[in-house]
Amino acid sequence: MTSPDEALAHSASSADAAPGTPPGAARGAHGRGAPAGADSWRSRLYRWDMKASPYVFVAPFFVLFGAFTLVPLLYTAWYSLHNVQLSALDHQTWAGLDNYQHLLSSDFFWNALENTFTIGLISTVPQLMAAVWLAHLLNYRLRGSTVWRVVMLTPYATSVAAATLVFTLLYSWDGGMVNWVLHFFGAGPVNWRESDWGSQFAVSSIVIWRWTGYNALIYLAAMQAIPTDLYESAAIDGANRWQQFRHVTIPQLRPTILFTVVVSTIGATQLFGEPLLFGGVSGSKGGSEHQYQTLGLYMYDQGWIIGNLGKASAIAWSMFLILLLVAAVNLLLTRRLRKSQ
């Protein structure tokens, strides 16, 4: 039998427990409860973890970015204000803006800038037009579409050295397939390495071959994100495939096209491997008469062939300022595009 006092105590302890909790569990929780100081320490540790964990996760990127991008960039800016020779790195003399003034008065710099712009224009416009066309073809249901996508991405996965070597053989003066085709149609051979437009066209063709498939897949992903309702509405209105492409696909691709134009412009500004390997012995000079010497080749020639690191650093910062200008133009166009939509 249970006394009235014991029954009253048992009912009070059961009332203290949470709804649905066995009475014994409530007594066990009170008996094994942690001290108030331990609970406050755990809550502080939890708050610190919630605040600090995101910074810990992103810290490796900023550490690597600072060590391998920001510090070299600032050090290059410091070098551009000094006379520094590759053979005597410890002997630096202050030059101020003399390296930049020499660049502005150098015919080689303006020639490299013009070649960079010309090769970039020749390689970017046909490349993006072909990429849009290929993406439009792959957007329809084709047999083996996955295989075709892999085939288009293969040139991008090919190394620059291998691709340039193959194209050098194709554009060879004697025995090259391109000159053989020209001879077959009755045209004379072209010295692709020595001619101005011929060498620039040859270098641009390497860039076009390597990057067309990559941009085509970007356009394909953007096309597949276009709502099918737009095409159905256009078809109901009597629009054929060409009209649908002009009035539906292209307007919807404007942000993607702008992105690829900016990325291709940045790549053209930094063009280096293709003209260097295409020129062979005179690759760093951009040909015997600098006919395809880009800004990247000019910087390499000044820094590692001649050994003038101060001038090479000034060229690098000039390229960086050009890229900042391209980014600013991209920002303005993006804002206007958003307002128009």
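The values are calculated or read from the model by the stated rules, or taken from the named source; none is laboratory data. These numbers come from a predicted model, not from an experiment. When we count neighbours, we look across all protein chains shown, and the Cβ atoms used for this are built from the backbone with ideal geometry, even at glycine. The area values use the complete protein model at the heavy-atom level, side chains included, leaving out ligands, DNA and RNA. Shrake-Rupley method; radii C 1.70, N 1.55, O 1.52, S 1.80 Å.
For segment 263-288, give me the residue count where each residue is in contact (Cβ under 8 Å) with a residue 24 or more places away in the chain and either part of a loop (DSSP other than H, G, I, E, B) or on the phi > 0 side of the Ramachandran plot (or both).
Summing the residues that are in contact (Cβ under 8 Å) with a residue 24 or more places away in the chain and either part of a loop (DSSP other than H, G, I, E, B) or on the phi > 0 side of the Ramachandran plot (or both) in segment 263-288 gives 7.
Assess whether residue 320 counts as being at negative phi, in a helix (DSSP H, G or I) and either without any contact (Cβ under 8 Å) to a residue 12 or more places away in the chain or open to solvent by 50 Å² or more (accessible area, probe 1.4 Å) (or both). Show your work before the answer.
Details: at negative phi: yes; in a helix (DSSP H, G or I): yes; either without any contact (Cβ under 8 Å) to a residue 12 or more places away in the chain or open to solvent by 50 Å² or more (accessible area, probe 1.4 Å) (or both): yes.
Answer is yes for this residue.
Kindly provide the set of residues from segment 64-106 that are in a helix (DSSP H, G or I) and among the aromatic types (Phe, Trp, Tyr), ordered by number. Walk me through how you get there before you give the answer.
Step one: of segment 64-106, the residues in a helix (DSSP H, G or I) are 64-80, 98-104.
Once the filter is applied, which keeps residues that are in a helix (DSSP H, G or I) and among the aromatic types (Phe, Trp, Tyr), segment 64-106 yields 65, 68, 75, 78, 79, 100.
Using beta carbons and a limit of 7 Å, which pairs, at least six apart or on different chains, have the first residue in segment 199-225 and hydroxyl-bearing (Ser, Thr, Tyr) and the second one open to solvent by less than 40 Å² (accessible area, probe 1.4 Å) and not in a helix (DSSP H, G or I)?
Note: pairs meeting the criteria are 199/192; 199/287; 199/291; 199/292; 219/253.
Are there any pairs with C-beta distances below 7 angstrom linking a residue in segment 57-77 that is surrounded by 11 or more Cβ atoms within 10 Å (Cβ to Cβ) to a residue that is not aliphatic (A, V, I, L, M), with the two at least 6 apart or on different chains, and if so which?
Once the first residue is surrounded by 11 or more Cβ atoms within 10 Å (Cβ to Cβ) and sits in segment 57-77, its partners that are not aliphatic (A, V, I, L, M) give 76/313; 76/317; 77/317.
From the set of residues in segment 214-248 that are assigned to a loop (DSSP other than H, G, I, E, B) and open to solvent by 30 Å² or more (accessible area, probe 1.4 Å), which is nearest to residue 261 (Cα to Cα)? Full working, then the answer.
Narrowing segment 214-248 to residues assigned to a loop (DSSP other than H, G, I, E, B): 225-227, 237-240.
Checking which are open to solvent by 30 Å² or more (accessible area, probe 1.4 Å) leaves us with 225, 227, 237-238, 240.
On the way: 225: 20, 227: 24, 237: 32, 238: 32, 240: 28 Å.
Filtering first and then ranking leaves 225.
The conditions are (1) within 19 Å of the chain's Cα centre (by Cα); (2) farther than 21 Å from residue 256 by Cα, and residue 164 fails exactly one of them. Which is it?
Answer for residue 164: the failing condition is (1).
Out of everything in segment 289-317 that is assigned to a helix (DSSP H, G or I) and among the aromatic types (Phe, Trp, Tyr), what residue ends up being surrounded by the most Cβ atoms within 10 Å (Cβ to Cβ)?
So the residue we want is 298.
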